[in-house]
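Student: For reference, the structure I am asking about is given below.
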């Protein structure tokens with residue numbers, strides 16, 4: 001019996017301001033209800049890889065998804081989650097999933113960017129103050145495959161785009 005090993009597609013999902021801000025004080029620096037719905041639609045039924053601080057900011061495993069938390073703490077146990085001690089270990093735990101989502105934070109994004117097949121970026125069309133940033137990346141390495149323009153007045157006025165970028169593969 002032989003089975004072909006299929007590598008899952010590695011997708012990064014992030015909401016990011018023009019200046020690459022992704023967070024402040026371990027929370028999101030904006031409120032965009034449509035972005036939360038978009039995130040849920042894309043990640044539902046899949047594995048999500050995140051750092052421990054990102055998990056703490058969410059506060060619980062999200063329903064309908066498998067949460068894989070990357071932490072250097074060898075004693076860490078989180079009910080309802082898989083705990084991995086490296087990005088490679090986290091990816092190995094997701095081998096059965098055709099698409100795996102890396103959901104943050106900044107350090108996990110930096111480690112996974114070179115491995116990623118797709119980027120789902122909510123591009124917030126203004127600069128936002130923060131203390132965590134998405135790593136710089138060469139957009140020439142990526143092909144934009146879709147862009148949806150959105151704006152909202154409440155809970156705060158913002159213009160944002162849902163953009164998908166892909167590399168060869170997936």
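The values are calculated or read from the model by the stated rules, or taken from the named source; none is laboratory data. Since we're looking at a predicted model, the values are computed, not measured. Don't worry about glycine lacking a Cβ; one is built from the backbone with ideal geometry, like all the others, and counts go over all protein chains shown.
Student: Just checking, which of 85, 150 is touching a residue at least 40 places away in the same chain (Cβ under 8 Å) and either surrounded by 12 or more Cβ atoms within 10 Å (Cβ to Cβ) or under 16 Å from residue 22 (Cβ atoms) (or both)?
Tutor: That would be 150, the only listed residue that is touching a residue at least 40 places away in the same chain (Cβ under 8 Å) and either surrounded by 12 or more Cβ atoms within 10 Å (Cβ to Cβ) or under 16 Å from residue 22 (Cβ atoms) (or both).
Student: If you don't mind, another one. Consider residue 126 against the criteria (1) within 25 Å of residue 33 (Cα to Cα); (2) touching a helix residue (DSSP H, G or I) at 6+ places or on another chain (Cβ under 8 Å): it satisfies all of them except one. Which criterion is unmet?
Tutor: (2)
Student: While we're here: Could you identify the single residue in 45, 51 that is modelled with pLDDT of 95 or more, more than 13 Å from the chain's Cα centre (by Cα) and either farther than 24 Å from residue 161 by Cβ or surrounded by 18 or more Cβ atoms within 10 Å (Cβ to Cβ) (or both)?
Tutor: After ruling out the rest, the residue left standing is 45.
Student: Would you confirm, using the coordinates I've provided, whether residue 43 is out of contact with any helix residue (DSSP H, G or I) (no Cβ under 7 Å at 6 or more places or on another chain) and free of Cβ contacts under 8 Å to residues at least 40 places away in the same chain?
Tutor: No.
Student: Inspect segment 26-41 for any residue being on the phi > 0 side of the Ramachandran plot and at pLDDT below 95 and give the result as yes or no.
Tutor: Taking every residue of segment 26-41 in turn, at least one turns out to be on the phi > 0 side of the Ramachandran plot and at pLDDT below 95.
Student: Let me ask something additional. Exactly one condition in (1) under 19 Å from residue 40 (Cα atoms); (2) under 13 Å from the mean Cα position of the chain (by Cα); (3) surrounded by 18 or more Cβ atoms within 10 Å (Cβ to Cβ) is false for residue 99; which is it?
Tutor: For residue 99, the exception is condition (3).
Student: Would you point out the residue of segment 135-154, among those that are part of a loop (DSSP other than H, G, I, E, B) and under 15 Å from residue 124 (Cα atoms), that is modelled with the highest pLDDT?
Tutor: 153
Student: Right, something else. Could you list, in sequence order, the residues of segment 148-165 that are in contact with a strand residue (DSSP E or B) (Cβ under 7 Å, 6 or more places away or on another chain) and over 14 Å from residue 118 (Cβ atoms)?
Tutor: 148, 149, 150, 151, 152, 158, 159, 160, 161
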